[in-house]
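What follows is a single structure, written as structure tokens, with notes after it.
The values are calculated or read from the model by the stated rules, or taken from the named source; none is laboratory data. If you're wondering where the values come from, they're calculated on a predicted model, not measured in any experiment. Here the Cβ positions follow ideal geometry from the backbone for every residue, glycine too, while neighbour counts run over all protein chains shown. The protein model used for the area step is the full one, side chains on, heavy atoms only, and it has no ligands, DNA or RNA in it. Shrake-Rupley method; radii C 1.70, N 1.55, O 1.52, S 1.80 Å.
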There are 6 protein chains.
Amino acid sequence: MTGLESKRPISRYAVPKPEDLPQDLRDRILAVQEKSGFVPNVFLAYARRPEEFRAFFAYHDALMEKESGLTKAEREMIVVATSGANGCQYCVVAHGAILRVRSKNPLLADQVAVNYLEADITPRQRAMLRFAMKIALDSRHVAEEDFGALRQHGFSDDDIWDIAAIASFFALSNRMANFLGMRPNDEFYLLGRVPRPERR
Amino acid sequence: MTGLESKRPISRYAVPKPEDLPQDLRDRILAVQEKSGFVPNVFLAYARRPEEFRAFFAYHDALMEKESGLTKAEREMIVVATSGANGCQYCVVAHGAILRVRSKNPLLADQVAVNYLEADITPRQRAMLRFAMKIALDSRHVAEEDFGALRQHGFSDDDIWDIAAIASFFALSNRMANFLGMRPNDEFYLLGRVPRPERR
Amino acid sequence: MTGLESKRPISRYAVPKPEDLPQDLRDRILAVQEKSGFVPNVFLAYARRPEEFRAFFAYHDALMEKESGLTKAEREMIVVATSGANGCQYCVVAHGAILRVRSKNPLLADQVAVNYLEADITPRQRAMLRFAMKIALDSRHVAEEDFGALRQHGFSDDDIWDIAAIASFFALSNRMANFLGMRPNDEFYLLGRVPRPERR
Amino acid sequence: MTGLESKRPISRYAVPKPEDLPQDLRDRILAVQEKSGFVPNVFLAYARRPEEFRAFFAYHDALMEKESGLTKAEREMIVVATSGANGCQYCVVAHGAILRVRSKNPLLADQVAVNYLEADITPRQRAMLRFAMKIALDSRHVAEEDFGALRQHGFSDDDIWDIAAIASFFALSNRMANFLGMRPNDEFYLLGRVPRPERR
Amino acid sequence: MTGLESKRPISRYAVPKPEDLPQDLRDRILAVQEKSGFVPNVFLAYARRPEEFRAFFAYHDALMEKESGLTKAEREMIVVATSGANGCQYCVVAHGAILRVRSKNPLLADQVAVNYLEADITPRQRAMLRFAMKIALDSRHVAEEDFGALRQHGFSDDDIWDIAAIASFFALSNRMANFLGMRPNDEFYLLGRVPRPERR
Amino acid sequence: MTGLESKRPISRYAVPKPEDLPQDLRDRILAVQEKSGFVPNVFLAYARRPEEFRAFFAYHDALMEKESGLTKAEREMIVVATSGANGCQYCVVAHGAILRVRSKNPLLADQVAVNYLEADITPRQRAMLRFAMKIALDSRHVAEEDFGALRQHGFSDDDIWDIAAIASFFALSNRMANFLGMRPNDEFYLLGRVPRPERR
């Protein structure tokens, strides 16, 4: 490249120093660093507001880490598809990485981010993403028919809540990331793309 | 009316009985009932999922109850304007009531819900709502110019975060309420419309 | 509130003095004042142009006051729903009041203004509003199927014309009110909200 | 062509016979026939509803026939541009013909119907059409700046009202024509395209 | 008109002189002039870039001149309908003329340009244009159902490719014409409108 | 994954066998295979139509391979940004790979595909992409101001043509790829992501 471009910072807002953070935030950040090998920038960007940090990640974990009729990979598909529709670079790149890891499929995230209708997914997953996109883009028109269509694919009422809740939570997350101009860590881009035989 | 219309239920999902709820949810619901005289349906609808309930209200309180450069009435304006844009009946009706109470202005909520450009608000508040609507409807195009325009009206960087965070949180809340078909309590419709001299 | 906000005027354009108006306009204005107890601002704003005033209210009355297969309350629902979609504060507030009065339902107007899909109405009324919204927002795609769907709910061809004509007339009215920045009278906000036992 | 296509009727609704019409409608229809050499279908389609017929044409004449700071050709430009944006075949074809006749320019109507930004018009006319399009498509965002921009081109406040009122009236007219599937008379297509030397 | 309007030039970019053009471009231009009696401006505007000129017209001819299950008139309908949707004045006016000539129908082009749903065409042609519009405006949502709907009207897979390819090619052409502000030749406006008895 | 998902085929249409292709197509395909190590599916999908194949790639090469004031990486940025906006999976994945290779930047393609406003690019490149997006999404509103803004960043008139022509060509390409459901080769996903030291 020309050398003139600036590498964007983590966030439009200054990021607090670790030593200035409350203990529970430091613990959480330390834990993710140990697990992932790096600290995803979303933790640093939100750390400026400890109360919002706690609620944000509590909500995230309640949806993304619990037992569910949706696999963890399916939940990440919802994140990637709706974040693409919202133009959220951080979420597409970061959750695209997680989707590759969780699905053990190096192609799926890029497919879903641009156009889930042409992704290598099952008809059931396509119905799931159609509904997630309606929640993301046109929730005012949700109607009984939407529930019927999902039940035909075997989704339970709790599964349907999960789809809607994940799309809704990332409606929040995408807007905050766009607002902050949150930068995806460089590490995310390659994650899950190259098979790592020793871990399989 | 014709008598044929059905009065919609609180939520598309069954609402748990109070005695089946974890103690902290019961306490919270009891507290709001004592303060308001009734239990807003959002508490019942979310109670089906205690983890999400806790995170949702923790996030809500972190934004709406804390000290801020925005008055509580201004924060409710953001909720009402963006919820109107998202077609969220519950949030417009419920937070419209809170806006009337907090602004001591019985007209403002209905004005802001339909078209904030023609509401009885200050130019500073109009700039605040313009940015909130951009977060709600077109966050991918947020840019430095938006920050400059807000700073000219005296908003601090933390105030701007508050605007964006409230619009983002209700992006979540509006979608969940539309998904659940959440019904506003009848009590909200009249709240703050009739002057109550003894409280002034 | 802060005391800095300005209370908007009736219209962006100067409003003529009653004594400068042609006799027929004065008569009409006097009549509405006697019936309602106040003069809705739309009469004053349009009075600047007597020819347009006469045609506007003649059209209005031809649709809203005549015998029809639609009740008067149903016609007001069409006004409120489409005016909400067009961001017309005057029409939502003023016709919301009329809808409350005519339906004897204090909740319906606020429900319909934000999202008619979640209002306490019959399936027939929901079909009526679906078509009215198509006329308001996407009339180029009206097709035979739309007529079939309405006939299934028992609407006659003349009823369907009424739905379309009302949505079309308020397409005009909403645009003029938005253009003029027309202010709803304060009286409208409370009308029909509090049961008036002596009148029932 | 293949011979399989059907030539659409004048309107989706049956058109009344002349002898069944009230006298004033018959007079009006007779007058236009004498002046134009044919009866534009809008007169027949609306004749099914005499009250609406009278109000519609009274409104039309109040805007399109009176003295104004806008020439009659300019007023027809507003009709053609906004009707194109609304997908109204009747109004584009019929008023395109009138625009050709009134502007004595055989090219202008087709240019304005598709994209007024590339029509052979003055910068003042371009500003006029920009505002007319905002009224037609996005009236909720009309603001003081719009008035300033028009005044810079020499438009008076009454001229600006005329622009907005014409765009608003045809918002109604376009929707009714789309609803009725109103067919433009064959005569309109050629009108004003071929110079008629004897009339110049 | 007022005499103040400027007649727009052929293109925003300078048009090369014929003698400066490569021989094959000159030959092509000469051929079209002999056939049509004038040089459509698209040939002059593109001549600035000989490589792109050659590819553009090769692509055009591959779609519009070959044998196909679609008649030449039907192919021009696709051009006119999608160009209208894209606001491309040059293509609507120029290909509207060709459509009139090829269909021997002086009304069809103006009908299709504004709203094909109300044009004098067959149900099969309406299905063809519905798909062409989806390609033009919303190709990301093309799905198997679209193919099924077309096959029911007797379109072969190669016919469907032709519909999509023509709509896609004019997606390019419309954008270049809008970019260049390409002016339709005056000759196009009248072409095919007046019956020429000697040719019939 | 579940094992139920189907891996989509190269195209919705059958792909011809190499031995059935005209010699020039076979030569072109052989050449790209030797250069890249695999045959991008776009060559196979288009091969069904040799005339369109030739015109398509002639157009492509005329824009993407020639000398230009835009670097080859910048031209690929235009492709990736506009293809993302059009939901074209093939073009985002395939040209994303080429952009990584040509920019020697493994992060840029994913950034630009989702939201170019937050990519690591120069202000000049941001202005270039803003205009490319206007051509892709809203070409009817291109105006003189757009040219002025680009010239301020040092773009020549020929550079501006290049930007517009590339965005226009991929308007065609994206629609055809969406129509065909064209599958990106697996090879593209990893290309340019891992530094290859021997080539630097």
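Would you confirm, using the coordinates I've provided, whether F:L99 is in contact with a helix residue (DSSP H, G or I) (Cβ under 6 Å, 6 or more places away or on another chain), of a type in the set (A, V, I, L, M, F, W, C), in contact (Cβ under 8 Å) with a residue 12 or more places away in the chain and farther than 24 Å from E:A171 by Cβ? So F:L99 fails the test.
Scanning region A:142-153 for residues that are in a helix (DSSP H, G or I), open to solvent by 10 Å² or more (accessible area, probe 1.4 Å) and farther than 22 Å from A:N115 by Cβ gives A:E144, A:E145, A:G148, A:R151, A:Q152.
The selection criterion, being open to solvent by 40 Å² or more (accessible area, probe 1.4 Å), facing another protein chain (nearest Cβ under 7 Å) and touching a residue at least 24 places away in the same chain (Cβ under 8 Å), does not hold for A:P123.
Taken together, the residues in region A:1-60 that are surrounded by fewer than 18 Cβ atoms within 10 Å (Cβ to Cβ) and among the small types (G, A, S) amount to 7.
Which members of region A:162-181 meet the condition of being over 13 Å from the mean Cα position of the chain (by Cα) and within 12 Å of A:C88 (Cβ to Cβ)? Once the filter is applied, which keeps residues that are over 13 Å from the mean Cα position of the chain (by Cα) and within 12 Å of A:C88 (Cβ to Cβ), region A:162-181 yields A:N178, A:F179, A:L180, A:G181.
Residues that are more than 18 Å from D:V194 (Cβ to Cβ), touching a Gly at 6+ places or on another chain (Cβ under 8 Å) and surrounded by 20 or more Cβ atoms within 10 Å (Cβ to Cβ): does region E:188-196 have at least one? Taking every residue of region E:188-196 in turn, none turns out to be more than 18 Å from D:V194 (Cβ to Cβ), touching a Gly at 6+ places or on another chain (Cβ under 8 Å) and surrounded by 20 or more Cβ atoms within 10 Å (Cβ to Cβ).
Restricting C:S103, C:S156, C:S139 to residues that are modelled with pLDDT of 95 or more, over 30 Å from E:Y116 (Cβ atoms) and polar (S, T, N, Q) narrows the list to C:S103. Residues that are farther than 17 Å from D:L190 by Cα and either in contact (Cβ under 8 Å) with a residue 60 or more places away in the chain or within 14 Å of chain C (Cβ to nearest Cβ) (or both) within region D:29-49 comprise D:V42, D:A45, D:Y46, D:A47, D:R48, D:R49, listed in sequence order.
Counting just the residues of region D:61-84 that are buried (at least 21 other Cβ atoms within 10 Å of the Cβ) and either among the hydroxyl-bearing types (S, T, Y) or in contact with a Cys (Cβ under 9 Å, 6 or more places away or on another chain) (or both), which one comes out nearest to D:A136 (Cα to Cα)? Within region D:61-84, the match that is nearest to D:A136 (Cα to Cα) is D:T82. Every listed requirement among (1) buried (at least 24 other Cβ atoms within 10 Å of the Cβ); (2) more than 9 Å from chain B (Cβ to nearest Cβ); (3) within 23 Å of B:Y59 (Cβ to Cβ) is met by A:V112 save one, (3). Among the conditions (1) crowded, with 19+ Cβ neighbours inside 10 Å; (2) out of contact with any Phe, Trp or Tyr (no Cβ under 9 Å at 6 or more places or on another chain); (3) part of a helix (DSSP H, G or I), E:G87 misses just one, which is (3). For the residues B:L117, B:L137, the requirement of being in a helix (DSSP H, G or I), more than 23 Å from B:V32 (Cβ to Cβ) and within 11 Å of chain A (Cβ to nearest Cβ) singles out B:L137. The residue that is surrounded by the most Cβ atoms within 10 Å (Cβ to Cβ), counting only those in region E:92-106 that are at the interface with chain D (Cβ under 8 Å from one of its Cβ atoms) and farther than 13 Å from E:A73 by Cβ, is E:V92. Against the list (1) touching a Leu at 6+ places or on another chain (Cβ under 8 Å); (2) in a loop (DSSP other than H, G, I, E, B), the condition B:V39 fails is (1). Being in a loop (DSSP other than H, G, I, E, B) and either at pLDDT 95 or above or among the basic types (K, R) (or both) is the requirement here; does C:R48 meet it? The answer is yes for C:R48. If you go through region C:4-27 and pick out every residue that is part of a helix (DSSP H, G or I) and within 14 Å of chain D (Cβ to nearest Cβ), you end up with 2. Any residue at all in region E:157-166 that's more than 26 Å from C:A143 (Cβ to Cβ) and either surrounded by 17 or more Cβ atoms within 10 Å (Cβ to Cβ) or more than 10 Å from chain F (Cβ to nearest Cβ) (or both)? So far as region E:157-166 goes, yes, one or more of its residues are more than 26 Å from C:A143 (Cβ to Cβ) and either surrounded by 17 or more Cβ atoms within 10 Å (Cβ to Cβ) or more than 10 Å from chain F (Cβ to nearest Cβ) (or both). Condition first: assigned to a helix (DSSP H, G or I), out of contact with any helix residue (DSSP H, G or I) (no Cβ under 7 Å at 6 or more places or on another chain) and either surrounded by fewer than 21 Cβ atoms within 10 Å (Cβ to Cβ) or of a type in the set (A, V, I, L, M) (or both). Can you find one or more residues in region B:168-176 that meet it? Within region B:168-176, not a single residue is assigned to a helix (DSSP H, G or I), out of contact with any helix residue (DSSP H, G or I) (no Cβ under 7 Å at 6 or more places or on another chain) and either surrounded by fewer than 21 Cβ atoms within 10 Å (Cβ to Cβ) or of a type in the set (A, V, I, L, M) (or both).
Here A:E67 does not qualify as under 18 Å from the mean Cα position of the chain (by Cα), more than 8 Å from every other protein chain (Cβ to nearest Cβ), among the acidic types (D, E) and part of a helix (DSSP H, G or I).
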